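Each remark here refers to the structure printed beneath this line.
Read the figures in this text as sums done on the coordinates, not as results from a lab. Bear in mind that the values here come from a model prediction, so they are computed numbers and not experimental data. Here the Cβ is made from the backbone with ideal geometry for all residues, glycine too, and neighbour counts use every protein chain on show.
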Amino acid sequence: MAEQGLVVGGDGLARPAWAAYDPLLREYYDTEWGMPVRDERGLYERICLEAFQSGLSWATILRKRPAFRDAFDGFDPEAVALYGEADVRRLMSNEGIVRNGLKIRAAITNAAATVRLREQGGLAAFVWSFRPDSTPMPRTPEEIPTKSPESEALAAALKREGFVFVGPTTMFALMSAVGLVDVHLMGSHRRGSSGLWPA
């Protein structure tokens, strides 16, 4: 299985190399990544974290996730939408999170956009309306797409609604993380685990 990009762990389960060694990444892969997220706060949080991850490793973001949640009021969109310059300064001085002014402001902008979307049925329904009719079936890491027509359409639609830092590649990562597509490698013990796509 090694040639397919999978590593069989001591527990006998096959995982991609990125999730095979670091206990935090393994736990995330085994319990969360690719599972359906259908609530507003959960999707808003993941949009924020995907933006903060840009240019960094996902392991870095996961390690800082508790600090992010504490700093951003548990990613409550209503609370974050009210943040002002004092909050930006507070967040920029918080060593527990990624201190990037553009990304911090994006989280605030996207909170306000999330609240506005409630008039159209909400963020969750909006994002899930871009679920494709089929999902990739990658056998190697190289076969995993980095974007799709649906992620391009989702990115464009979110931008029209006032969201920022939501490019097609970032949105494909989001779609993969929250179950809209299943990009677990064929042969991984997590393939098909969302219940939305066949193994």
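Tabulated values for the structure
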read-out	value
Structure-based [θ]222 nm, the chain - -39500 (n - 2.57) summed over DSSP H runs of at least 4, per residue, nearest 500	-14500 deg cm²/dmol
Compactness of the chain as Cα Rg over 2.2 N^0.38 Å, two decimals	1.04
Using θ = phi - 60° and Karplus 6.51 cos²θ - 1.76 cosθ + 1.60, couplings along segment 194-199 (whole Hz; Gly, Pro as x)	6, x, 9, 10, x, 6
Relative frequency of Cα-Cα separations exceeding 18 Å in segment 36-94, percent	36 percent
Where a label projected 7 Å from the Cα of residue 41 along Cα→Cβ would reach, residues of segment 50-70 with amide N under 13 Å	69-70
Amide N proximity, segment 41-57 versus residue 147 label position 7 Å along Cα-to-Cβ, cut-off under 16 Å	51, 54-55
Calculated FRET value between residue 8 and residue 57, using beta carbons and R₀ = 22 Å, to 0.05	0.40
Sequence ranges 111-118, 96-103, 79-86, ranked by mean other-Cβ count within 10 angstrom, highest first	111-118, 96-103, 79-86
Separation of alpha-carbon centers, segment 26-71 and segment 128-164, rounded to whole Å	17 Å
Estimated inter-spin distance, residue 85 and residue 17, nm [label 7 Å along Cα→Cβ]	4.8 nm
Förster radius 35 Å - calculated FRET efficiency between residue 78 and residue 133, Cβ distance, rounded to 0.05	0.55
